[in-house]
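Since every read-out is calculated from the coordinates, none of them should be taken as a lab result. These numbers come from a predicted model, not from an experiment. Here Cβ is always computed from backbone atoms with ideal geometry, including for glycine, and neighbour counts include all displayed protein chains.
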Amino acid sequence: MSAKKNPWAVVQTRPIYENPWIRIKEDQVINPSGNPGIYGVVHFKNKAIGIIPLDQEGHTWLIGQYRYPLDEYSWEIPMGGGPLVEDTLVSAQRELKEETGLTARKWTKIARIHTSNSVTDEEGFVFLAEDLTEGETEFEETEDLAIKKIPFAEALEMVMKGEITDSLSVAGILKVARLRNF
């Protein structure tokens, strides 16, 4: 089978649910073996944007918050949603400022990620932000965030111990560790 040929055929699509952040559809399909089937897809109305701020001393910032869908507290890199039509760098700059108060003079896009490509079309991007200046946070009304500045090596250890589980955070931290030899 060709890697470029779509082996699925959509027979019918029906919307299931929609809110300001997601749209869910259910497709009646003919699957790759030629049999009828069903497929649900979650469409995200924003791109996932993650940022790893890294200062000259090798420190980074993590954000702690309760994640409602998981029913647990999570430590993560600064992140948020960026409109599909907005440049990912502009979204990253805004999210870093909102969640940490930081601004950066140097930005490097280090990853493009599909967060769970068996059920969603969500696309994520991770940036490395350097040459940092501290300022005031600008939390959104839905955010009750804790912020901690730690050595990057400690964040990497948190990933390795399974204490950081968010996909953008894990991928971004591992990528920076590899790029910067942590």
Legend entry - Pairwise FRET efficiency - A153 versus R23, Cβ, R0 = 41 Å, nearest 0.05: 0.50
Legend entry - Using alpha-carbon coordinates, inclination of helix 88-100 to the longest axis of the chain, degrees: 50
Legend entry - Most mobile listed residue (I24, I49, I113) in the chain, GNM with C-alpha springs under 10 Å: I24
Inset, instruction - Round to a whole angstrom and tell me the spacing of the C-alpha centers of segment 4-60 and segment 131-182. - result: 25
Inset, instruction - Would you indicate which of (1) 1.00; (2) 1.17; (3) 0.96 is the value of Cα Rg over 2.2 N^0.38 Å derived from the coordinates of this structure? - result: (2)
Legend entry - Helical contribution to [θ] at 222 nm, DSSP H n ≥ 4, -39,500 (n - 2.57), averaged over the chain, rounded to 500: -6000 deg cm²/dmol
Inset, instruction - Figure the gain on full extension for E57 and V10 (residue separation times 0.36 nm, minus the Cα-Cα span) and round it to one decimal in nm. - result: 11.6 nm
Inset, instruction - Could I have the simple spin-label model distance between T103 and D87, label points 7 Å from Cα toward Cβ, reported in nm to one decimal? - result: 1.6
Inset, instruction - State, as an integer percentage, the relative contact order of segment 25-182 based on alpha-carbon contacts under 8 Å between residues 6 or more apart. - result: 27
Legend entry - Charge tally in the Cβ shell below 12 Å around I63, where Lys, Arg are +1 and Asp, Glu are -1, I63 excluded: -4
Legend entry - Per-peptide average of other Cβ atoms within 10 Å, ordering 70-77, 143-150 highest first: 70-77, 143-150
Legend entry - Helix 167-180 vs. the chain, principal-axis angle (Cα, 0 to 90°, nearest 10): 50
